[in-house]
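Notes for the one structure printed next.
The values are calculated or read from the model by the stated rules, or taken from the named source; none is laboratory data. Please read these numbers as outputs of a predicted model, since none were measured by experiment. Neighbour counts are summed over all protein chains in view; Cβ atoms, including those assigned to glycine, are modelled from backbone coordinates with ideal geometry. Only protein heavy atoms, including side chains, enter the accessible area calculation; ligands, DNA and RNA are left aside. Shrake-Rupley method; radii C 1.70, N 1.55, O 1.52, S 1.80 Å.
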Amino acid sequence: MSSEHELPCRPGVPVTPAQAYDFRRPDRIAKEQLRAIHQLHENFARSLASSLSAYLRAYVMVNLVSVEQLSFLEFSRSMPSPTCIVTLAMKPFDGSAVLELNPSMVFPILEMLLGGSGRKGTTVNREITEIEQSILDGLFRIILHDLREAWMPISNINFFTEAHDTEPQLVKILAPNEAVVAIRLEIRIGDVAGMMNLGIPSIIIKMLRQRFDQQWTVRKSDSTEEEQARILKLVRPSFLKLDARLQGPSLTVEQMLQLETGDVLEFDYPVDRSVEMLVNGCRKFRGHVVDTGRKRGFRIDAVHSSQ
């Protein structure tokens, strides 16, 4: 005798297993959507690495470490204190996100922006000053620009700064038990490394679920082998511009006007250090300029990952 809770099933029709739903946490999002967010912020990390390398005039690596759902309380407790926190508006949505940059990365970047090397491993554990915060505004403008561009295929979200904080416990944009999607990235400049954390309310991301599904469908339909082969055939005859670039210190306009024939410019650049090879303006190779007889050549030592 069947129980009154059993569901009738028809022969040949697969039974879809039921998924648990927590009515106390309606802002939780599906794992499939988390994977899409992971891919979106991998693109953001690659773009940000290029932008920061140009801005700081140093080789910068940005790696996506994790994407997970946490309560806002857990997310706040995962950040150091004091630290550098920026509260972000997310127009046209009603809600705010949190962007945090660890002090282990903030102070080396400040040193680089003020003309230093930023390579010292000295640990600084204090709040940043208002003057330092104003210097960092340019850095955050670059980060938010790349973040807007990364989200553009999903939604035209205008991220901009609302407020600055130094203590995670004082940020009260959400209730402690509300869920956020926590995106954790590592920024590395030479031997100096630090973390950047981004917290976006899960309820806003859940509102965009249909946009994520549509974007995934478009990507799958556009990634056929036939289409890739056709595009490759079209671009094969194209010419690419190669540029081996040596980046040294800056000069003032006054110093440049005083330069004369025979002057030697000294770069803060070891002789055996590799240089960047740009292909159509994008970093592609690292290597050395060599002598190939009567002409100069470029020996490739490493290939950059796809940007």
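Considering only the range 82-96, how many residues are touching a Pro at 6+ places or on another chain (Cβ under 9 Å), over 22 Å from Ser134 (Cβ atoms) and part of a loop (DSSP other than H, G, I, E, B)? Even if it seems obvious, please write down each step before you answer.
At the first step, the residues of the range 82-96 found to be touching a Pro at 6+ places or on another chain (Cβ under 9 Å) are 82-85, 90, 93, 95-96.
Those still in the list that are over 22 Å from Ser134 (Cβ atoms) too: 90, 93, 95.
Remaining after also requiring part of a loop (DSSP other than H, G, I, E, B): 93, 95.
Qualifying residue count for the region: 2.
Quick one: is Asp263 free of Cβ contacts under 8 Å to residues at least 12 places away in the same chain and open to solvent by 90 Å² or more (accessible area, probe 1.4 Å)?
Criteria not met by Asp263.
For residues that are open to solvent by less than 90 Å² (accessible area, probe 1.4 Å) and farther than 30 Å from Ala150 by Cα, tally how many sit in the range 268-282.
Residues in the range 268-282 being open to solvent by less than 90 Å² (accessible area, probe 1.4 Å) and farther than 30 Å from Ala150 by Cα: 4 in total.
Just need a number here: residues in the range 256-282 that are in contact with a Leu (Cβ under 7 Å, 6 or more places away or on another chain) and part of a helix (DSSP H, G or I).
Result for the range 256-282: 0.
Looking at Gly262, Gly281, Gly297, which is the one that is touching a strand residue (DSSP E or B) at 6+ places or on another chain (Cβ under 9 Å) and at pLDDT 85 or above?
Numbers: Gly262 fails: touching a strand residue (DSSP E or B) at 6+ places or on another chain (Cβ under 9 Å); Gly281 fails: at pLDDT 85 or above.
After ruling out the rest, the residue left standing is Gly297.
Just to be sure before I move on: is Pro108 open to solvent by less than 60 Å² (accessible area, probe 1.4 Å), under 28 Å from Ala175 (Cα atoms), at pLDDT below 95 and outside any strand (DSSP E or B) in the structure I sent?
Numbers: open to solvent by less than 60 Å² (accessible area, probe 1.4 Å): yes; under 28 Å from Ala175 (Cα atoms): no; at pLDDT below 95: yes; outside any strand (DSSP E or B): yes.
Judged against the criteria, Pro108 is not a match.
In the range 40-65, what count of residues is obtained for those that are of a type in the set (Phe, Trp, Tyr) and in a helix (DSSP H, G or I)?
2
For the range 113-123, state whether one or more residues are under 20 Å from the mean Cα position of the chain (by Cα) and either at pLDDT below 95 or open to solvent by 10 Å² or more (accessible area, probe 1.4 Å) (or both).
Among the residues of the range 113-123, at least one is under 20 Å from the mean Cα position of the chain (by Cα) and either at pLDDT below 95 or open to solvent by 10 Å² or more (accessible area, probe 1.4 Å) (or both), which makes the answer yes.
Condition first: part of a strand (DSSP E or B) and either open to solvent by less than 90 Å² (accessible area, probe 1.4 Å) or among the polar types (S, T, N, Q) (or both). Now tell me which residues in the range 283-299 satisfy that.
Arg283, Lys284, Phe285, Arg286, Gly287, His288, Val289, Val290, Gly297, Phe298
Given the conditions (1) touching a residue at least 40 places away in the same chain (Cβ under 8 Å); (2) under 21 Å from the mean Cα position of the chain (by Cα), and given that Phe107 satisfies all but one, which numbered condition is not satisfied?
Single failed check for Phe107: (1).
Tally time: how many residues in the range 241-255 are free of Cβ contacts under 8 Å to residues at least 60 places away in the same chain, surrounded by 10 or more Cβ atoms within 10 Å (Cβ to Cβ) and outside any strand (DSSP E or B)?
Summing the residues that are free of Cβ contacts under 8 Å to residues at least 60 places away in the same chain, surrounded by 10 or more Cβ atoms within 10 Å (Cβ to Cβ) and outside any strand (DSSP E or B) in the range 241-255 gives 5.
Cβ-Cβ distance below 6 Å, separation of 6 or more or different chains: which pairs start in the range 171-189 with a residue that is closer than 16 Å to Gly95 by Cα and end on one that is charged (D, E, K, R) and open to solvent by less than 20 Å² (accessible area, probe 1.4 Å)?
Ala179/Asp27
Pick out the one residue from Glu132, Glu68 that is modelled with pLDDT of 90 or more, of a type in the set (D, E, K, R), outside any loop (DSSP other than H, G, I, E, B) and more than 19 Å from the chain's Cα centre (by Cα).
Numbers: Glu68 fails: more than 19 Å from the chain's Cα centre (by Cα).
Result of the check over Glu132, Glu68: Glu132.
Name the single residue that is surrounded by the fewest Cβ atoms within 10 Å (Cβ to Cβ) among those in the range 90-104 being more than 28 Å from Gly190 (Cβ to Cβ) and either within 18 Å of the chain's Cα centre (by Cα) or at pLDDT 95 or above (or both).
Residue satisfying both the conditions and the ranking: Met90.
Out of the residues in the range 136-168 that are in a helix (DSSP H, G or I) and more than 14 Å from Leu99 (Cα to Cα), which is most open to solvent (accessible area, probe 1.4 Å)?
Glu149
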